[in-house]
Amino acid sequence: MSTAAAPDVQSAPASSDTDVVIETRNLGKIYRDFWGRKKVAALKSLDIEVRKGEIFGLLGPNGSGKSTTIKLIQGLLFPTSGHAYVFGKDARDVTKNERIGYLPEESYLYKFLNAEETLDFYGRLFDMPAEERKERADKLIRMVGLHGARRRQLKEYSKGMTRRIGLAQALINEPDLLILDEPTTGMDPIGSREMKDLIVRLRDEGKTILMCSHQLADVQDVCDRVAILHLGELRELGRVDELLKVRDVTEVHAKGLSDELKQKIADLIRSEGGDVLAIDNPTTTMEELFLEIVQDDRPGARPAAS
């Protein structure tokens, strides 16, 4: 039985464009069985670029190749074909990891440590001085909304709180690239909204974010561009606003129209050869409705009755 050698790290140069943070070229991965026989083609000829300062969404059902792509980008797997580059370096170059923060789908944290001890531990892994670790941990704990639970052991944390401290540990080294796998899983609608707001804030501060999520509404809310994978192949790639636009339908928003005027508008459209699909009131989303109701009922949210 022979084992295929990993491709040469220096076999192809990365893009000279300094705004490209992640680049894959013809990237493929085939998983094999014990005898070296092809078991499954998890990823096929993936070509994507993630640019500096954007939130890039990686979407797809289970088995589409998302997790394989993330592992290849981090250098945890060797590609069967093609290349992956991060910051212009081959993805298997471990020096790039100093500039990456990673929140996995399941946070593997030490449950008997509290938030401060957890961040201090991860700060030590990056050889951060003690005073810097302390300042950084305090800032991150406040950023993710865990100040009141900073000295509670993680075993007492809810799933949503665990995601928050997981994000904090991913930020401990002040990374330029943040890889987030299902960042809002286990969170209630308020926590999910706060997490999405924080992700956008991090983007606005200059970080590049690669985000995987099964929550399509989350992706629509925060991502600048998305790649949709299915059965290991890239099926769609582009800006979210462009991909979601229905080009053969025109939408008009207006206020204060009487039923009579609505009927005149509909008649005019038909007289010009158009089709009237609907004339109705717009709807909000369930998330927006829920947050409006709950946030209005928080103490101090409404003015006191006179």
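Quick look at the numbers
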| quantity | calculated |
| --- | --- |
| Number of the condition not met by K111 [criteria: (1) within 24 Å of K159 (Cβ to Cβ); (2) in contact with a strand residue (DSSP E or B) (Cβ under 8 Å, 6 or more places away or on another chain); (3) in contact (Cβ under 8 Å) with a residue 60 or more places away in the chain] | (3) |
| Single match in V144, V86 (criterion: surrounded by 19 or more Cβ atoms within 10 Å (Cβ to Cβ), under 16 Å from M195 (Cβ atoms) and under 22 Å from the mean Cα position of the chain (by Cα)) | V144 |
| Residue list for the range 188-207, filter: over 13 Å from the mean Cα position of the chain (by Cα) and buried (at least 18 other Cβ atoms within 10 Å of the Cβ) | G191, R193 |
| Considering residues of the range 222-233 that are part of a strand (DSSP E or B) and touching a Phe, Trp or Tyr at 6+ places or on another chain (Cβ under 8 Å) only, the residue nearest to T80 (Cα to Cα) | A227 |
| Any chance K134 is in the same structural domain as V200 (by TED's automatic domain parsing), in contact with a helix residue (DSSP H, G or I) (Cβ under 9 Å, 6 or more places away or on another chain) and not in a helix (DSSP H, G or I) | no |
| Contacts under 6 angstrom Cβ, first residue in the range 89-100 being under 21 Å from R25 (Cβ atoms), partner surrounded by 19 or more Cβ atoms within 10 Å (Cβ to Cβ) and of a type in the set (V, I, T), 6 or more apart | A91/I73; K96/V86 |
| Any hit, the range 109-121, residues being of a type in the set (V, I, T), within 21 Å of the chain's Cα centre (by Cα) and modelled with pLDDT of 95 or more | no |
| Any hit, the range 60-80, residues being of a type outside the set (K, R), assigned to a strand (DSSP E or B) and either touching a residue at least 12 places away in the same chain (Cβ under 8 Å) or not assigned by TED's automatic domain parsing to the domain that holds L167 (or both) | no |
| Per-region count, the range 271-295, residues surrounded by 11 or more Cβ atoms within 10 Å (Cβ to Cβ) and modelled with pLDDT of 80 or more | 1 |
| Selection count where residues are loosely packed, with under 10 Cβ neighbours inside 10 Å and either within 30 Å of the chain's Cα centre (by Cα) or in a loop (DSSP other than H, G, I, E, B) (or both), scope the range 246-265 | 12 |
| When residues of the range 3-28 are limited to those that are modelled with pLDDT of 95 or more and among the charged types (D, E, K, R), the one surrounded by the fewest Cβ atoms within 10 Å (Cβ to Cβ) | R25 |
| Residues of the range 190-221 that turn out to be among the β-branched types (V, I, T), modelled with pLDDT of 90 or more and assigned to a helix (DSSP H, G or I), as a count | 2 |
| Residue count for the range 87-130, restricted to those that are assigned to a helix (DSSP H, G or I), of a type in the set (A, V, I, L, M) and within 24 Å of L58 (Cα to Cα) | 1 |
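Per-residue answers, yes or no, for (1) in the same structural domain as T162 (by TED's automatic domain parsing); (2) out of contact with any Pro (no Cβ under 6 Å at 6 or more places or on another chain); (3) farther than 25 Å from R235 by Cα; (4) at pLDDT below 90:
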site: K44; (1), (2), (3), (4): yes, yes, no, no
site: A84; (1), (2), (3), (4): yes, yes, no, no
site: K89; (1), (2), (3), (4): yes, yes, yes, no
site: G101; (1), (2), (3), (4): yes, no, yes, no
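The values are calculated or read from the model by the stated rules, or taken from the named source; none is laboratory data. A quick note: this is a predicted structure, and the numbers were derived from the prediction, not measured. So basically every Cβ, Gly included, is an ideal-geometry build from the backbone, and we count neighbours across all protein chains shown.
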